[in-house]
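Here you go, one structure.
The values are calculated or read from the model by the stated rules, or taken from the named source; none is laboratory data. None of these values were measured; they are calculated from a predicted model. So basically every Cβ, Gly included, is an ideal-geometry build from the backbone, and we count neighbours across all protein chains shown.
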Amino acid sequence: MEPVQLANTGVHEKVLNHFRTFTPGHVLDLPCGPGGISKALDEMGYKVSAGDIHPEYMNVPGIQAIECNMNSRLPFEDASFDYVVCVEGIEHTENPYNAIREISRILKPGGRLVITTPNYLNIERRLKFLFTGSFSKPVTADAFINLYGRDNSSMHNSPMNYPVLKFMLESSNLRINSIEKEKTKRKQIFLYPFILLIRMYTRVWSRKQRRKYLIDEVNADVILNGGNNLIMSCVKA
């Protein structure tokens with residue numbers, strides 16, 4: 001049985017495209033989930049380690065996941081890996097700052113992180129936030145108890161926007177090399193007037209204000225007119 005892809009269509013493909021350009025080495029898939037990424041990387045010649053808060057979810061023969069809680073210390077020595085891949089995992093943690101610090105710790109100098117997370121700053125989500133005040137769909141206490149069984153690891157505990165994630169990465173010695181979207185959202189064409197309005201309004205800001213709020217970055221097409229997810233490639237400086 002093929003492992004189920006839990007990420008949006010296009011995310012795994014874009015992530016694996018990065019690894020096709022890298023020299024195979026030791027990679028940690030965290031969180032690995034059913035193991036779709038792990039399986040693909042193994043077939044590409046990488047030495048794969050897999051970790052998840054629920055290692056029993058791994059569904060790839062020959063690859064055994066170990067228990068990893070991204071909210072605490074990961075069970076690996078410093079500089080253990082050439083690569084870490086984190087697909088749709090960081091937003092599920094209670095302590096994303098700790099998770100990023102730990103990923104940086106276990107990466108070798110010059111090692112690479114490929115990380116994906118929901119794009120909370122595309123125009124559709126910005127307008128939803130304007131009207132709802134929420135980055136993601138709120139979870140009720142009843143759903144937490146009855147649907148999730150009091151296990152919040154499947155919930156978006158830490159929805160974060162690009163400037164916050166960028167700070168987490170850079171403050172942990174991880175430099176962003178590239179950002180891309182998993183797809184173009186065709187229905188956002190109807191929201192393009194709002195994109196133009198935002199860009200026109202912020203264009204008259206001073207250079208200092210634009211730098212302060214990372215305006216050129218958050219209003220770039222890959223984010224403001226982006227898809228559901230951001231795929232970011234980083235290197236440990």
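Condition check: farther than 21 Å from A99 by Cβ and within 15 Å of the chain's Cα centre (by Cα). Does I189 satisfy that?
So I189 fails the test.
For segment 182-237: of the residues being assigned to a helix (DSSP H, G or I) and among the aromatic types (F, W, Y), which is surrounded by the most Cβ atoms within 10 Å (Cβ to Cβ)? Working first, answer last.
Just the residues of segment 182-237 that are assigned to a helix (DSSP H, G or I), to begin with: 186-203, 207-212, 215-218, 221-224.
Pick out the ones that are also among the aromatic types (F, W, Y) and you get 190, 192, 194, 201.
Details: F190: 10, Y192: 11, F194: 16, Y201: 10.
That would be F194.
From the set of residues in segment 156-186 that are among the basic types (K, R) and free of Cβ contacts under 8 Å to residues at least 60 places away in the same chain, which is nearest to E13 (Cα to Cα)?
That would be R186.
Is it true that some residue in segment 74-86 is buried (at least 19 other Cβ atoms within 10 Å of the Cβ), of a type outside the set (D, E) and touching a residue at least 60 places away in the same chain (Cβ under 8 Å)?
Among the residues of segment 74-86, at least one is buried (at least 19 other Cβ atoms within 10 Å of the Cβ), of a type outside the set (D, E) and touching a residue at least 60 places away in the same chain (Cβ under 8 Å), which makes the answer yes.
If you don't mind, there's one more thing I want to ask. For segment 148-176, which residues satisfy the criterion of being assigned to a loop (DSSP other than H, G, I, E, B), touching a Ser or Thr at 6+ places or on another chain (Cβ under 6 Å) and either under 26 Å from G110 (Cα atoms) or at pLDDT 95 or above (or both)?
Matches in segment 148-176: S172, N173.
Looking at segment 121-147 only, could you name the residues that are outside any helix (DSSP H, G or I) and touching a residue at least 60 places away in the same chain (Cβ under 8 Å)?
L121, N122
For segment 7-114, list the helices (runs of 4 or more DSSP H) that sit wholly inside it and hold at least 3 residues that are out of contact with any Leu (no Cβ under 7 Å at 6 or more places or on another chain), modelled with pLDDT of 95 or more and closer than 23 Å to S136 by Cβ; which are they?
Result: 11-21, 96-106.
Could you tell me which of the residues F129, F167 is within 30 Å of T21 (Cβ to Cβ) and among the hydrophobic types (A, V, I, L, M, F, W, C)?
After applying the criteria, what remains is F167.
Now for a different question. Among the numbered criteria (1) surrounded by 15 or more Cβ atoms within 10 Å (Cβ to Cβ); (2) within 30 Å of I195 (Cβ to Cβ), which one does L127 miss?
It is condition (1) that L127 fails.
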